[in-house]
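Visitor: Take a look at this one; I'll ask things after.
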C-alpha cells in the first residue's frame, strides 16, 4: 500500500450542498455493486492512503486522463462492446519497449483495480481482472447502455502507482444523464449513507460517511480491500479519477472517515463501497467544489 498522500479532498459543508436532490446512486444502477471476495485483512491501512501517484507528504494530482504515463501505456484488445450482455475484455500494460509488464505489486489487496464508467458518470463498476502469464488482464464486463465508456486501469509497477485510461464504445441510442443535485444522503440497498460535514470549522480536508440501516447506525462494518471503506472520486467533464481509502486508525462505529483534497473546482461523483454481512454495497453522491 502506498504511503499517505492526501488527494481528493472533499469538505462537505451542508450549506454548500444545498437542499434536496437525488443521490447519484439512483443513476448508477445495479452495475455499481461488486460481489466481495473474502478479505484476509481485518485492519485498515497503516496510513492515510491517497489517490495513486502521489509522493509522501504531497497531494497527488488527478489521474486517469491519459493512456500513457511514465513510460507505461495501456493497450486494450477491443474498443467496441455490445450493450446489455457480458463481454470478455482483455488489456495489457506495456513498458517503453512495448513489452507486456508481468510483475505488479499488490495494492489494496489486488494487483489491478479496473474502474469502468460511462462518460456521463453513470454505471460505475469496480472490477478486479485476473492476470494471465503473458501479462494480459482479463475480465467479463457488462455495459448496460450505449455510449462512450471510460476504462481506468489502476496499478502499481516498480514502486510507482499509475492510473491509465482509455475510451471504449457501445453502439446504440445514447441519452446522457446529468449528475443529480448534491444531497447529503444516499441509498445503498437496505442501507442509508449520510455524508457528514467536517467535525471542526475550517477543516475542509476531513469528511466522513455514516452507514445506517432501519434508522440505526451500523457499527460492525467488515474490511473491504483491507479497509472499512473504499472511495472512488471522479471529476465531471474529463473523468479524472481520485482513488482514496480511510484514515488510520479507523474510528469505531458506523462512520468511515477520509482526509482528501479536490484538485480543482468542479462537480464530482463520489462512489463509496463498504462491506457488511459479507456483501459489498455502493452509495454515491454528487459533490460541488467551488474553490
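The values are calculated or read from the model by the stated rules, or taken from the named source; none is laboratory data. No experiment lies behind these values; they were computed from the predicted model shown. Cβ coordinates were reconstructed from backbone atoms using ideal geometry, including for glycine residues, and neighbour counts include every protein chain displayed.
Visitor: Restrict the check to region 196-208 and report whether at least one residue is assigned to a loop (DSSP other than H, G, I, E, B), closer than 25 Å to residue 110 by Cβ and assigned by TED's automatic domain parsing to the domain that holds residue 282.
Guide: no
Visitor: Could I ask something else about it? Based on this model, can you work out whether residue 179 counts as at pLDDT below 95, under 25 Å from residue 253 (Cβ atoms) and within 18 Å of the chain's Cα centre (by Cα)?
Guide: So residue 179 fails the test.
For every residue, the table says whether it meets (1) more than 24 Å from residue 270 (Cα to Cα); (2) modelled with pLDDT of 90 or more; (3) not assigned by TED's automatic domain parsing to the domain that holds residue 261.
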site: 75; (1), (2), (3): yes, yes, yes
site: 107; (1), (2), (3): no, no, yes
site: 135; (1), (2), (3): yes, yes, yes
site: 151; (1), (2), (3): no, yes, yes
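Conditions (1) over 27 Å from residue 155 (Cβ atoms); (2) out of contact with any helix residue (DSSP H, G or I) (no Cβ under 9 Å at 6 or more places or on another chain); (3) at pLDDT 85 or above, marked per residue:
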site	(1), (2), (3)
200	yes, yes, no
227	no, yes, no
242	no, yes, no
256	no, yes, yes
264	no, yes, yes
268	no, yes, yes
284	no, no, yes
287	no, no, yes
291	yes, yes, no
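Visitor: Give me the strands (runs of 3 or more DSSP E) completely within region 70-141, filtered to those with at least 2 residues that are in contact (Cβ under 8 Å) with a residue 24 or more places away in the chain and under 15 Å from the mean Cα position of the chain (by Cα), ordered by residue number.
Guide: It comes to 113-118, 125-127.
Visitor: Could you tell me which numbered condition residue 109 fails, if it satisfies all but one of (1) farther than 18 Å from residue 133 by Cα; (2) surrounded by 18 or more Cβ atoms within 10 Å (Cβ to Cβ)?
Guide: Only one criterion in (1) farther than 18 Å from residue 133 by Cα; (2) surrounded by 18 or more Cβ atoms within 10 Å (Cβ to Cβ) is unmet by residue 109, namely (2).
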